[in-house]
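One structure below.
Here, each number is a calculation from the coordinates, and none is a lab measurement. Keep in mind that this is a model prediction, so the values were computed, not measured. Virtual Cβ from ideal backbone geometry, glycine too; neighbours counted across all protein chains shown.
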Amino acid sequence: MLANIRGGGEFGPLWHQAALKEKRQRAYDDFIAIGEDLLKRRVTSTPHLGVIGGSNGGLLVGVMLTQRPDLFGAVVCQVPLLDMQRYSQLLAGASWMGEYGNPAVPAEWSYISRYSPYHNVRPRVIYPRVLFTTSTRDDRVHPGHARKMAAKLEAQKANFLYYENIEGGHGGAANNQQSAYMNALAYTFLLKQLR
């Protein structure tokens, strides 16, 4: 299923602008509503509902992990943005402040902090199993996002997997063979988790 949530470019500039900066939570609310509707209509159930996303989509599924751990049976979080307090200081992050806001401005950090996955991991919460994938050579989203999130979950004894390819840039793979391997990791993980 493909979910068209506010903040994307599918339906023009107004659709994209509807989830910028302080309105970002709308995109996450839209995604949650889709998941809830799938359960309500009995298309699936939580143990069989998985999400996969990379880059900004990695942020999306990271938010799902922390805001609605009860809704999903598995999460694949690829080359993700997760530490939204430091994103603007890492690699290409400063160029995305028009999208998310500037975390150095207290009023903007106030709304960013409410969804920043890294800052919303809570003790004693049972999170769905998550697979983090990243690339050491990602030149857009620093692999530190996935590394820090994995370390934080590890400290809480959460159940997760982590894979970091040493090549590949932001796509996570340097060639077709590596791309096939990364896809196999993601889909095998989902197949095993969501049975």
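Near ALA33, within a Cβ-to-Cβ distance under 14 Å, what is the net charge of the other residues, with Lys and Arg +1 and Asp and Glu -1?
+1
Given an 8 Å cut-off on Cα distances and at least 6 residues of separation, report the relative contact order of the chain as a percent.
Taking the mean separation of contacting Cα pairs over the length of the chain, I get 20 percent.
Got a sec? Charge dipole of the stretch 30-172, +1 on Cβ for Lys and Arg, -1 for Asp and Glu; which of VAL63, GLY172, GLY144 is way out at the positive end?
The residue sitting farthest along the positive end of the dipole is VAL63.
What is the magnitude of the charge dipole of the chain about its Cα centre, with +1 placed on the Cβ of each Lys and Arg, -1 on the Cβ of each Asp and Glu, and no other charges, expressed in debye to the nearest 20?
My answer is approximately 580 debye.
Over the alpha-carbon set of the stretch 108-195, work out the extent along each principal axis and list the three values in angstrom, largest first.
The principal-axis extents, from largest down, are 40, 36, 20 Å.
Which value in deg cm²/dmol, rounded to the nearest 500, describes the helix-derived mean residue ellipticity at 222 nm for the chain, given -39,500 (n - 2.57) per DSSP H run of n ≥ 4 and division by the residue count?
After summing the helix terms and dividing by residue count, I get -11500 deg cm²/dmol.
Over the alpha-carbon set of the chain, work out the extent along each principal axis and list the three values in angstrom, largest first.
43, 42, 37
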